[in-house]
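Visitor: I have a structure I would like to understand better, so I am pasting it below and will then ask my questions one at a time.
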Amino acid sequence: MENISYFKIGLFVISAIILGVIGVVVLGGGKFFEKKNIVETYINESVQGLDVGSPVKFRGVLIGNVEQITLTSVEYATPRRYVLVRAGISRDVFRFPLTDPNNPAFQAEIQKGLRVRLAPQGLTGQAYLEADYLDPTRNPPLQADWRPKYPYVPSAPSRITQFSDALERILRNIEQVDIERLVGTMESSLKTIDKLASGANLDKIGTQAVALLAEVRDTNRQLKNLVDAPELNQAVKDTAATASTARQILERADKPVTQLLADLPKASDNINQLVRRLNDVSASLPETNAQFRQTLGRLNGLIATQQQDIKSTVENLRSMSESLKEILDNLKNYPSQTLFGAPPPPSKVMGK
């Protein structure tokens, strides 16, 4: 009876083991027989919470598991003590091969910013590896003086490490701030402002400001009345008419004056020719007729003097014509300046 009982127990145990193995194989979806590509990365921070078997995810999608966690000095002859993490990645996840580290497609993905970093898994303290594309300039690969055994995927600092580093830099900057000196400077500035406010006669300044505003308003009202006055409008119209009439007179006189200026050089040349002829005649007279020669000399000097007067008269006419044009242009463009002259001097209310 006892032998039959032991036999049944053993048969039950063996059957349970066989059923368990079959269930694991069936429910596991063939993961034990799934082929994976091994990749490795080096992490320069604590990997607390990451264990063998921890998931490896690409943007939240499970792509593999952690196979080995150790130090680089254990696997390679190097003094650097990075954390070496090797993970098995499913072959059908990426379209580029993970077996050859020198494959151009794999290296192109690394250049684009393919990185892995440690990420927390909920509030349990567990961690997993997160793969994603990050800025390659801000996350350069770690320095390595060995040849990796498997395809190498560079790592990036975890968010917790980035936050702690930023917080540490902030605290370090705060420590360098001289709080006592800053407080002392603020107190001195407040005292100076208090003294200035106490010594300033705000009532007098306000009274002067009100008086200045009243004077500005009165001046503005007077100016408005002056501009709206019919006398000013009539004066402007008369000025425009006067300018038009003067321009017409100038245009009418321009042609005779221009003709006179054009004829003056010819007259001057004729006078010069006459002077040369008189000189020739004077030279050809006999030496005995001294009185006639003296008379001719006087006539020659008189003509030379008149020539200078003619030139002076021409210059005066030209200057007078230019001055008249300038006055007419100013009268047409700035009639108010011609009527009122320069603006009044500024107010001196604030100086009282």
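The values are calculated or read from the model by the stated rules, or taken from the named source; none is laboratory data. Just so it is clear, the structure is predicted and the values come from calculations on it, not from any experiment. Here the Cβ positions follow ideal geometry from the backbone for every residue, glycine too, while neighbour counts run over all protein chains shown.
Visitor: One residue is enough: does region 196-203 have a residue meeting the conditions touching a residue at least 12 places away in the same chain (Cβ under 8 Å) and not assigned by TED's automatic domain parsing to the domain that holds Gln107?
Guide: No, region 196-203 has no match at all.
Visitor: Inside region 40-70, can you point out the residues that are surrounded by fewer than 16 Cβ atoms within 10 Å (Cβ to Cβ) and among the hydrophobic types (A, V, I, L, M, F, W, C)?
Guide: Val52, Val61, Leu62
Visitor: Quick one: is Asn37 at pLDDT below 90, surrounded by 12 or more Cβ atoms within 10 Å (Cβ to Cβ) and outside any loop (DSSP other than H, G, I, E, B)?
Guide: So Asn37 passes the test.
Visitor: Are any residues in region 35-49 of a type outside the set (S, T, N, Q) and either on the phi > 0 side of the Ramachandran plot or under 47 Å from the mean Cα position of the chain (by Cα) (or both), and if so, which ones?
Guide: Val39, Glu40, Tyr42, Ile43, Glu45, Val47, Gly49
Visitor: I want to confirm something. Restricting to region 84-113 and keeping residues that are in a strand (DSSP E or B) and not basic (Lys, Arg), which single residue is modelled with the lowest pLDDT?
Guide: Ser90
Visitor: Next question, about the same structure. Any residue in region 74-82 that is within 44 Å of the chain's Cα centre (by Cα), assigned to a strand (DSSP E or B) and hydroxyl-bearing (Ser, Thr, Tyr)?
Guide: Looking for residues that are within 44 Å of the chain's Cα centre (by Cα), assigned to a strand (DSSP E or B) and hydroxyl-bearing (Ser, Thr, Tyr), one finds none in region 74-82, hence no.
Visitor: Search region 78-92 for residues that are over 21 Å from Ser54 (Cβ atoms) and in contact (Cβ under 8 Å) with a residue 24 or more places away in the chain and pair each with any residue that is part of a loop (DSSP other than H, G, I, E, B) and among the hydrophobic types (A, V, I, L, M, F, W, C) when their beta-carbon atoms are under 6 Å apart and the residues are at least 6 apart or on different chains.
Guide: Thr78/Trp146
Visitor: Is one or more of the residues making up region 71-79 touching a Phe, Trp or Tyr at 6+ places or on another chain (Cβ under 9 Å), surrounded by fewer than 17 Cβ atoms within 10 Å (Cβ to Cβ), aliphatic (A, V, I, L, M) and at pLDDT 90 or above?
Guide: yes
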